[in-house]
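Input: a single structure, listed below in structure tokens.
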Amino acid sequence: MTKFSANLGFLWTDLELPDAIHAAAKAGFDAVECHWPFETPVSAVNSALIDTQLPMLGLNTRRGDVSAGDNGLCAVPSRSEEAKEAIIEAVNYAAEINAKSVHVMAGNANGINADEVFRENLVFAAQLAAPKNITILIEPLNQFDASGYFLKNTQQAKEIITDLALPNVKLMFDCYHVGRTEGNVEKRFQDLKDLIGHIQFASVPDRGRPDQGTINYAEMFRIIAESGWEAPLGAEYKPYGPTDDSLSWMDTFK
């Protein structure tokens, strides 16, 4: 049976994080993940995770000044010190709530200097995270939603992960972003499966629930299961209304 994780950056966003964790458990999710939980006390998150017995799969580093257009800091040459502070914050928070991974957000940048800085920050993150048994994830974002984002496609991510050869630096394979940017999501998954640390999904092109759109998720989830993947898959979609009203797909795909 396929397992699913509720991404609480998209689902139950009207609730405080601890309440959203309880809502995910009530809805039948097998795990949760989040974006930027830093304003919520660790004790409140841990209490909800203990009450529900749900694992927290991961969280993101801060984006920076969102009002100024920041979408991550870790590939921005002029923001390297801020990036390291964001990495330390995220890894420490993840360790305190026993989260399995941290997504290091690259930000809007281009060029050789950006690539060098991103790799340096990934090494820093990986070394910090390794003693805590935390995986560092990198995720290409499509340019329709994240114009100017440094990490643009899975080939670029593959080259960075392969070159660094760090055992706890992996790919966040988001079927939605891959579908928007590259297409042929099933083949890209097969080609990259040995590098993947987490999988997310949403419909293409509207990022809605997975039982609509151009990706056949019944087939996609079958391929993932047959690869031997057992971890919960991250439901990172826009419910376009109350989250509870968007969940009938779970009965179809579980």
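Of note:
- DSSP-defined beta bridges in the chain - what % are antiparallel, rounded to 5: 10
- Springs join every pair of Cα atoms under 10 Å in this Gaussian network model of the chain, and among MET172, MET220, MET105 the largest mean-square fluctuation is at MET220.
- Working note: 222 nm ellipticity from helices only, DSSP H runs with n ≥ 4, each -39,500 (n - 2.57), summed and divided by the residues of the chain, gives -11500 deg cm²/dmol to the nearest 500.
- Neighbour counts of C-beta atoms inside 10 Å place GLU16, GLU230 in the sequence GLU230, GLU16, starting with the fewest.
- Amide H contacts for LEU137 (H built 1.01 Å from N in the peptide plane; partners 5 or more residues away or on another chain; cut-off under 5 Å): VAL102, HIS103, VAL104, LYS170.
- Pairs from LYS84/LYS187; LYS158/LYS254; LYS84/LYS132; LYS152/LYS187; LYS3/LYS132; LYS26/LYS254 whose Cα-Cα separation, in the structure shown, is over 23 Å: LYS84/LYS187; LYS158/LYS254; LYS3/LYS132
- Within the listed set VAL32, VAL45, VAL169, the Gaussian network model of the chain (springs between alpha-carbon atoms below 10 Å) gives the highest mean-square fluctuation for VAL45.
- Of ILE199, ILE134, ILE88, the one that fluctuates the most in a GNM where the chain has Cα springs shorter than 10 Å: ILE88
- Karplus-derived 3J(HN,Hα) values for region 80-97, using 6.51 cos²θ - 1.76 cosθ + 1.60 with θ = phi - 60°, are 4, 5, 4, 4, 5, 4, 5, 5, 4, 4, 5, 5, 5, 5, 4, 5, 6, 10 Hz; glycine and proline are entered as x.
- Sum of side-chain charges, ILE160 neighbourhood, beta-carbon under 12 Å (Lys, Arg +1; Asp, Glu -1): -2
- The value of relative contact order for the chain, using C-alpha pairs under 8 Å at least six residues apart, is 19 percent.
- Taking amide H positions as modeled 1.01 Å from N, with prolines and chain starts lacking one, the residues under 5 Å from LEU233 and 5 or more places away or on another chain are LYS3, PHE4, SER5.
- For Cα extents along the principal axes in Å, calculated from these coordinates, the label among (1) 62, 37, 31; (2) 86, 48, 40; (3) 47, 42, 35: (3)
- Ranking LEU151, GLY69, SER80 by Cα position along the charge dipole of region 58-159, where only Lys, Arg, Asp and Glu carry charges on their C-beta atoms, puts LEU151 farthest toward the positive end.
Every number here is computed from the coordinates shown, using simple stated rules; none is lab data. Note that the structure is a prediction, hence the values are computed from the model and not measured. Positions of Cβ are generated from backbone atoms using ideal geometry, with glycine treated the same way; all protein chains shown enter the neighbour counts.
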